[in-house]
Amino acid sequence: ITDFNIYSISWIVNEALQEFYMSPEDRKKVHFDPNNDFHIRGSKRLLKHIIFNLLKNTFKHAGSHAEIQIWLSRNQLHFKDTGYGIKQE
């Protein structure tokens, strides 16, 4: 992996949120608190891919009124939505 390096997690999340296509209405539903930033050693591309998948799945399965909260705490990235989730079947 050519982009393996040390990155600010806040910077990667912000970049992912800017690059991921969302309608203006959906963009208003995503709330990111960049406080408590920390650094990781890894692939920026792969972490952004994970964030893209989380966003895509939330918008697909959580319902049209779901809100997304993303925050950093204790060197962890947290992602939570208010949707009803994916059906078991």
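Couple of notes before you dig in:
- Yes/no for L77 being in a helix (DSSP H, G or I) and either open to solvent by 50 Å² or more (accessible area, probe 1.4 Å) or in contact (Cβ under 8 Å) with a residue 12 or more places away in the chain (or both): no
- Flag if Y7 is hydroxyl-bearing (S, T, Y) and in a loop (DSSP other than H, G, I, E, B): no
- Residue match in region 19-37 (condition: over 18 Å from Q69 (Cβ atoms), under 15 Å from the mean Cα position of the chain (by Cα) and not in a loop (DSSP other than H, G, I, E, B)): yes
- Taking every residue in region 36-52 that is in contact (Cβ under 8 Å) with a residue 24 or more places away in the chain and pairing it with any residue that is open to solvent by less than 70 Å² (accessible area, probe 1.4 Å) and part of a loop (DSSP other than H, G, I, E, B), at least 6 positions away or on another chain, the pairs with Cβ-Cβ distances below 8 Å are S43/D3; K44/D3; R45/D3; I51/F20; F52/F20.
- Complete set of residues in region 49-69 that are open to solvent by less than 20 Å² (accessible area, probe 1.4 Å) and part of a helix (DSSP H, G or I): I51, L55, T58
The values are calculated or read from the model by the stated rules, or taken from the named source; none is laboratory data. Nothing here was measured: the structure is a model prediction, and the numbers come from that model. Neighbour counts run over all protein chains shown; Cβ positions are idealised from the backbone, glycine included. Heavy atoms of the whole protein, side chains included, go into the accessibility calculation; ligands, DNA and RNA do not. Shrake-Rupley method; radii C 1.70, N 1.55, O 1.52, S 1.80 Å.
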